[in-house]
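First the structure, which I've put down as structure tokens, then a few questions once you've had a look.
Bear in mind that the values in this text are calculations on the coordinates, not laboratory data. All of these numbers come straight from a predicted model, not from anything done at the bench. Every residue, glycine as well, gets a Cβ built from its backbone with ideal geometry; the counts of neighbours run over all protein chains shown.
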Amino acid sequence: MTEPLVYLKGEMLPASQAHLNIYDQGIVLGATVTEMVRTFHHQLFRLEEHLDRLFRSMKYMEFDIPQTHGQLTEKLIELVQHNATLIDREDDLGLVIFVTPGENRMYAGSAGGLSDMTPTLCAHTFPLPFEFWAKKMETGSHLVISSTRHVPPQCYHPNMKYRSRMHYYLADLEARKVDPQASALLLDLDGNVTETSGSNFMIVERGTIVSPPLRNTLPGASRQVVLELARELGIPVEVHDFQSFQAINADEAMTTTTPYCVMPVTKINNHPIGNGTPGPIVKQLQEAWSKMIGYDIFAQIQDGAIRRTK
């Protein structure tokens, strides 16, 4: 088969045949938990940790899928093994998994009731778009602090990875009016820095990595890798609240996320961070990550961007 497969409702389907019903509560209400995993050399990276978080999110949302942790693991590996045969050896895949409460044919929004529904489980892949990140890896990214605030933990717990992301969408819309290449950095209701729409955010102050606490942010898998690498490198780490003043005046800043791992941030609100170029600690972390998985993943991004845009 020359078409990617999608794992949907317990079946492996060609991507062209995989569809969600318009009555699915993931569409009607935006009630969806999700995970994203990537491959290195076509092998899934820390799949177990992502699935552990997915199952915690489903428990919180009271989604009961028929697959066990082990059964889902087997299906995801099967899916990736097939779809990896359709991309270049030098490329890698992103794997997206999401679960919704299922279809409610009564519709009527939330007034239709939520009983007697079977959760919708879907997993699909896509080739990682290296061309989106190549330039930013060299020069650093630009973040804009938005007026749209992060959803407070009193609404729903930020340790769950979800797709109810209207606040992220509005924040990024605002950021791109300042710079079309920028992403939004969100504050909480008290003015503390939280995260971006797709990544954790950290700063470096006097040689110490500072991360916002998990009270307001997702416990990102890539954030955890950075903390582990920092410990191995002897780089001190602190976890505490900080505000936009500290972020703008940091020596270095970075975002961490599954697709690109670690990216330097060199501007916030058009203010240069440090000297305005990627800093030494971010570079150390990038080198350590590449050493951990056995090849230069940041060279892969640069080479892949050239190859994919020819």
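Of LYS161/LYS267; LYS75/LYS291; LYS177/LYS267; LYS135/LYS161; LYS267/LYS310, which sit over 25 Å apart, Cα to Cα? Mind dumping the intermediate values first?
Details: LYS161/LYS267 27 Å; LYS75/LYS291 29 Å; LYS177/LYS267 15 Å; LYS135/LYS161 28 Å; LYS267/LYS310 29 Å.
Beyond 25 Å: LYS161/LYS267; LYS75/LYS291; LYS135/LYS161; LYS267/LYS310.
Okay, moving on. Could you identify which residue out of GLU195, GLU252, GLU90 has the top mean-square fluctuation in a GNM of the chain using Cα springs shorter than 10 Å?
The residue with the greatest mean-square fluctuation here is GLU90.
Let me ask something additional. Measuring from label point to label point, each 7 Å out along Cα→Cβ, what is the ASP251 to GLN81 span in nm?
Output for this residue pair reads 4.7 nm.
Additional query: Read phi for every residue in segment 123-131 and hand back ³J(HN,Hα) as whole Hz from Karplus 6.51 cos²θ - 1.76 cosθ + 1.60, θ = phi - 60°, with x for Gly and Pro.
Whole-Hz 3J(HN,Hα) from phi for segment 123-131: 9, 8, 10, 8, x, 5, x, 4, 5.
Of ARG149, ARG223, ARG46, which is the most mobile in a GNM of the chain whose springs link Cα atoms less than 10 angstrom apart?
In the Gaussian network model the winner is ARG46.
Something else now. To the nearest µm²/s, what D does Stokes-Einstein give for segment 174-229 at 37 °C and 0.692 mPa s, using the Kirkwood radius over alpha carbon pairs as Rh?
Roughly 262 µm²/s, to the nearest whole number.
Moving to a separate point now. So what's the convex hull volume per residue for the Cα atoms of segment 5-78, in Å³? Present the calculation step by step, with values, prior to reporting the outcome.
Details: hull volume 7.8 nm³, N = 74.
Taking the convex hull of the Cα positions in segment 5-78, it is 106 Å³ per residue.
Right, another one. Step through the residues of segment 217-226 one at a time and calculate ³J(HN,Hα) from phi using the Karplus curve (6.51 cos²θ - 1.76 cosθ + 1.60, θ = phi - 60°), rounding each to whole Hz and writing x for Gly and Pro.
My calculation for segment 217-226 gives 9, 6, x, x, 5, 6, 4, 5, 4, 4 Hz in order.
Considering only DSSP beta bridges whose two residues both sit in the chain, what percent are antiparallel, to the nearest 5?
On the way: 41 of 50 bridges.
Bridges in the chain that DSSP calls antiparallel: roughly 80 percent.
Follow-up question, since we're still on this one. Dipole of the chain (Lys/Arg Cβ +1, Asp/Glu Cβ -1, origin at the Cα centre): which of ASN270, MET292, MET160 lies farthest to the positive side?
Ranked along the dipole, the leading option is ASN270.
Something else: Rounded, prolate or oblate: which one fits segment 56-193, using the alpha carbon gyration tensor with axes a ≥ b ≥ c (rounded when a/c is under 1.5, else prolate when a/b beats b/c, else oblate)?
On the way: a/c = 2.28, a/b = 1.12, b/c = 2.03.
In terms of gyration-tensor shape, oblate.
Another one. Could you tell me the relative contact order of segment 152-310? Use alpha-carbon pairs under 8 Å, at least six residues apart, and round to a whole percent. Could you put the intermediate results ahead of the total?
Working: 228 pairs, mean separation 28.0, N = 159.
So the answer I get is 18 percent.
Could you sort the peptides 92-100, 284-292 by per-residue average Cβ neighbour count (10 Å cutoff), highest mean leading?
Working: 92-100: 21.4, 284-292: 17.6.
Final packing ranking: 92-100, 284-292.
At what distance in nm do the modelled label points of GLN154 and LEU214 sit from each other, each positioned 7 Å from its Cα along Cα→Cβ?
If labels sit at GLN154 and LEU214, their model points lie 2.3 nm apart.
Given contacts defined as C-alpha pairs under 8 Å and at least six residues apart, what's the relative contact order of the chain, whole-number percent? Intermediate values should be presented prior to the final figure.
On the way: 581 pairs, mean separation 54.7, N = 310.
Computed over the chain, the figure is 18 percent.
Okay, next question. Report the gain in length on full extension from PHE132 to LEU173: 0.36 nm times residue separation, minus Cα-Cα distance, nm rounded to one decimal. If you can, show how the numbers build up before the last one.
Details: separation 41, 0.36 × 41 = 14.76 nm, distance 1.75 nm.
Gain on extension, PHE132 to LEU173, equals 13.0 nm.
Output the direction-averaged projected area (hull surface divided by four) of the convex hull of the alpha-carbon atoms of segment 40-92, in nm².
One quarter of the hull surface, i.e. the mean projection, equals 4.0 nm².
Reported to two decimal places, what Rg/Rh ratio describes segment 189-310 when computed on Cα atoms with Rh from the Kirkwood expression? It would help to have the intermediate numbers written out before the result.
Values: Rg = 14.4 Å, Rh = 14.9 Å.
Rounded to two decimals, Rg/Rh equals 0.97.
Can you give the net charge of the other residues whose Cβ lies under 10 Å from the Cβ of MET160, counting K and R as +1 and D and E as -1?
Details: positive: ARG53, ARG56, LYS59, LYS161; negative: none.
Cβ neighbours under 10 Å give a net charge of +4.
Would you compute, from DSSP H runs of 4+ residues alone, the mean residue ellipticity of the chain at 222 nm, taking -39500 (n - 2.57) per run and dividing by the full residue count, rounded to the nearest 500?
Values: 9 runs with 98 residues, N = 310.
After summing the helix terms and dividing by the residues of the chain, the value is -9500 deg cm²/dmol.
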